[in-house]
Amino acid sequence: MNSLRHLLVSVIALALAMPMPAAGQSAWTLADRQSLERREAAIWPTETRTARSATGLVSATASPVAASIGTDVLRSGGTAADAAVATAFAQVTMMLGANVSFAGVAQLLYYDARTGQVHAMDAGWNGWRNERSPKAIPATDLSLLTGTRGDTSGAAGRKTLVPGFVAGMAAMHRRFGRLSFRQLLAPSIWYARHGVPVTPLTGAYFPIAAPQLSQTPAGRHFLMPDGVHVAALGDRYASPELARLLDQIAAHGAAPMYRGRWAQAFVAAVNAAGGAATMADMAAYRVRWAAPLRIAIGDVEVMAPPPPDATGCAMLTALNVLHHAAPEQPYWQDPQAFRTTALTLRLATILGWSPAMGEVLQRHLGSGGDCAARLQPGFGAAAASRLDELLAAPAPPVAGHHSAAVVVIDRWGNIAALVHSSNTPLWGDTGLVVQGVPIPAPAGLYRDALTRISPGGRVPSDMAPLIALRSGKPLFGVAAIGSSLLQETVRVTAGLIQRRGRLDDLVAAPPLLLNYQQIFGEELVPAGRYPPAFLDQLRAAGMPVREVDKLQAQTLKGTVAVAMLQPDGSREGVEVPQILAFAQGE
């Protein structure tokens, strides 16, 4: 019986294996699509590979199919914004909304080659204006990260927030795009209609998330599209409801998500689950544009999203301190450099996520209490000389999240560095699904942040893509995801500024891991990546170190998408085994 079912699945897959309309003038052939889907099924890149192009390049996490879709957009004359939109929609589609969501959020830095200016876009979460007791919002289930499940009971609708992803994509396209939205969304619509191949990764997700999805009729239908079987490896997962929604977005932009039938269904589902949603909150959502935060590190200017984004300031603070600490060797080759880098990242994390402790530490240094003060050379020098003294106290844990990242450089030299997220482990824990879109549960993670803003206000983002310039010309863009996204961004950015070797070697170096349960506790390192003598030297210097296994390291680590402009004008990105990021040149 099983063999017959597998045979039928194979026949259905072949029947669906028709050429797919791409964003370009030509369509993918059957062989093209099968080759890309085999790469998707392999999960990781199978070899180290450098992608180069004289014109355009896409570097993206999660999905080689999505990266290829973005590259097709560049070939068709699209800008970096066009390619980033197409790639991001395809990432959500190919991942079946598990780690990223059409009801999620986005953060963008965009270098406009025409003006030489960098723009920051915030399409983050808004709260509900009728939610007046954020401390009482039920906790989001983080057992995939912590290994233990706390009390997550309560009104599931209260865990939701107003999403910004689709509004952000429409705003980026409206300001910097050239191709039509329909062209950009066509591949995602095709996959939603004809079926996304369930890979070993997404196939493993469904049994893990089954208890959560099974809480509602819509969740059970999402889990078992045929009404009987849980979606599994070898299936093609089609969602006619999602295809119809994406078709509406392709025709009308963000309006269906904020004022149309999807918005009405979303508000109704949230309120039926005890939430405080209103159509007025949805219709009032606006994307925010601002000038980026910036700092000079030697002759390189690095830019990040400005406050209230806390992570952008934390990243630039870490680069400031590391610049003045000036470790002579790469952190993975020298224990003292590792220790300096790890202490710097702990300091930056606390300054970003514990305002009260940040004020205490900055008073200790005699500096001001705001972000601007942390980016001054004096702060970097003072903090670099007193890292041990500053890091002698306990600190609160930091929550993790799931995201996807895209960095695009087009033929004109525009750069889009984009991060988008659901801030929710595996479809959330509420079972809410609206017209094919699983609903994230971020409010359970951001209760403290919600207490510090007015009802209905913007939740400060914890995503921060970076763009670096030298003499006003772009050098690279970096967009990282995962629990250790700050660590991953800083280590790669610092390595690029300090010219610590080839890009593939830098990306493949051992990750720096956030100990989210206790930032000032043991330093966590991937098992087997450092010699025993290296770890012994760290312990002798007063830094507790604990090796974690491959699974835990993969759960904790950040994943980076990076694209560079080389001196000869070529664009470069890399793929490295065991790192879920892909690069493709035009």
Could we say that Arg178 is at pLDDT 95 or above, in contact with a helix residue (DSSP H, G or I) (Cβ under 9 Å, 6 or more places away or on another chain), within 30 Å of Glu40 (Cα to Cα) and among the charged types (D, E, K, R) here? yes
Within segment 548-556, is there a residue that is among the acidic types (Asp, Glu) and within 22 Å of Arg339 (Cα to Cα)? yes
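Sort out for me the strands (runs of 3 or more DSSP E) sitting completely within segment 514-567 that have 1 or more residues that are in contact with a Ser or Thr (Cβ under 8 Å, 6 or more places away or on another chain) and of a type in the set (Val, Ile, Thr). I'd like the intermediate steps shown before the answer.
Details: elements: 523-526, 545-548, 559-565.
Ranges flagged: 559-565.
I need a count of the residues in segment 426-474 that are among the hydroxyl-bearing types (Ser, Thr, Tyr) and assigned to a helix (DSSP H, G or I).
The initial filter retains those residues of segment 426-474 that are among the hydroxyl-bearing types (Ser, Thr, Tyr), namely 430, 446, 451, 454, 461, 471.
Okay, now just the ones that are also assigned to a helix (DSSP H, G or I), so 451.
Looking only at that region, the number is 1.
Quick one: would you say Glu575 is crowded, with 20+ Cβ neighbours inside 10 Å, in contact with a Pro (Cβ under 6 Å, 6 or more places away or on another chain) and not aliphatic (A, V, I, L, M)? Spell out how you get there, then give the answer.
Working: crowded, with 20+ Cβ neighbours inside 10 Å: yes; in contact with a Pro (Cβ under 6 Å, 6 or more places away or on another chain): yes; not aliphatic (A, V, I, L, M): yes.
Here the answer is yes, as Glu575 does meet what is asked.
Residue-by-condition table, conditions (1) open to solvent by 30 Å² or more (accessible area, probe 1.4 Å); (2) at pLDDT 90 or above:
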position: Tyr331; (1), (2): no, yes
position: Pro335; (1), (2): no, yes
position: Leu343; (1), (2): no, yes
position: Ile350; (1), (2): no, no
position: Ser354; (1), (2): no, no
position: Arg363; (1), (2): yes, no
position: Gly369; (1), (2): yes, no
position: Leu375; (1), (2): no, yes
Of (1) of a type outside the set (Gly, Ala, Ser); (2) crowded, with 19+ Cβ neighbours inside 10 Å; (3) closer than 23 Å to Gln107 by Cβ, Arg174 satisfies every one except (2)
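Consider Ala381 carefully, then state whether it is open to solvent by 40 Å² or more (accessible area, probe 1.4 Å), modelled with pLDDT of 90 or more and in a helix (DSSP H, G or I). Break it down stepwise before answering.
Working: open to solvent by 40 Å² or more (accessible area, probe 1.4 Å): yes; modelled with pLDDT of 90 or more: yes; in a helix (DSSP H, G or I): yes.
It is true that Ala381 is open to solvent by 40 Å² or more (accessible area, probe 1.4 Å), modelled with pLDDT of 90 or more and in a helix (DSSP H, G or I).
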Give me the pairs: first residue in segment 226-250 and closer than 14 Å to Leu96 by Cα, second residue part of a helix (DSSP H, G or I) and open to solvent by 60 Å² or more (accessible area, probe 1.4 Å), beta-carbon distance under 6 Å, and six or more apart or on different chains, which are they? Ala243/Arg193
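Just to confirm my filter: which helices (runs of 4 or more DSSP H) fall fully inside segment 63-173 and include at least 3 residues that are under 29 Å from Asp410 (Cβ atoms) and touching a strand residue (DSSP E or B) at 6+ places or on another chain (Cβ under 6 Å)? Spell out the reasoning first.
On the way: elements: 64-75, 80-94, 143-146.
Output list reads 64-75, 80-94.
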With the first residue restricted to segment 182-206 and required to be farther than 20 Å from Gly428 by Cβ, and the second required to be polar (S, T, N, Q) and not in a helix (DSSP H, G or I), Cβ contacts under 7 Å at 6 or more apart or on different chains are none
Could you tell me which of the residues Ala98, Ala67 is small (Gly, Ala, Ser) and either on the phi > 0 side of the Ramachandran plot or under 13 Å from the mean Cα position of the chain (by Cα) (or both)? Ala98
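Going through Leu486, Leu551, Leu475 one at a time, which residue ends up being modelled with pLDDT under 95 and surrounded by 19 or more Cβ atoms within 10 Å (Cβ to Cβ)? Break it down stepwise before answering.
On the way: Leu551 fails: surrounded by 19 or more Cβ atoms within 10 Å (Cβ to Cβ); Leu475 fails: modelled with pLDDT under 95.
It is Leu486.
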Unique match (being more than 18 Å from Arg346 (Cβ to Cβ), β-branched (Val, Ile, Thr), open to solvent by less than 20 Å² (accessible area, probe 1.4 Å) and in contact (Cβ under 8 Å) with a residue 12 or more places away in the chain) among Val507, Val525: Val507
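Just the residues that are open to solvent by less than 10 Å² (accessible area, probe 1.4 Å), part of a loop (DSSP other than H, G, I, E, B) and not β-branched (Val, Ile, Thr), please, taken from segment 414-425. Walk me through it before giving the result.
Here is the first cut: in segment 414-425, the residues open to solvent by less than 10 Å² (accessible area, probe 1.4 Å) are 415-424.
So of that shortlist, the ones also part of a loop (DSSP other than H, G, I, E, B) come out as 422-424.
Scanning segment 414-425 gives Ser422, Asn423.
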Please work out which one of (1) farther than 30 Å from Ala318 by Cα; (2) open to solvent by less than 60 Å² (accessible area, probe 1.4 Å); (3) not hydroxyl-bearing (Ser, Thr, Tyr) is the condition Leu293 fails and give its number. (1)
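Select the helices (runs of 4 or more DSSP H) contained entirely in segment 180-249, then report the ones holding at least 1 residues which are within 25 Å of the chain's Cα centre (by Cα) and farther than 25 Å from Leu36 by Cα.
On the way: elements: 181-194, 200-213, 217-223.
Answer list for segment 180-249: 200-213, 217-223.
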Check whether at least one residue in segment 283-291 is assigned to a helix (DSSP H, G or I), of a type in the set (Gly, Ala, Ser) and closer than 25 Å to Met94 by Cβ, and report yes or no. no
Can you tell me which residue is nearest to Leu242 (Cα to Cα) among those in segment 264-275 that are surrounded by 22 or more Cβ atoms within 10 Å (Cβ to Cβ) and small (Gly, Ala, Ser)? Ala269
Select from segment 259-282 the residues that are in a helix (DSSP H, G or I) and among the small types (Gly, Ala, Ser) and list them in ascending order. Ala263, Ala265, Ala268, Ala269, Ala272, Ala280
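The values are calculated or read from the model by the stated rules, or taken from the named source; none is laboratory data. If you're wondering where the values come from, they're calculated on a predicted model, not measured in any experiment. Positions of Cβ are generated from backbone atoms using ideal geometry, with glycine treated the same way; all protein chains shown enter the neighbour counts. Each accessible area value is taken on the protein alone, full model and side chains, heavy atoms only, with ligands, DNA and RNA left out. Shrake-Rupley method; radii C 1.70, N 1.55, O 1.52, S 1.80 Å.
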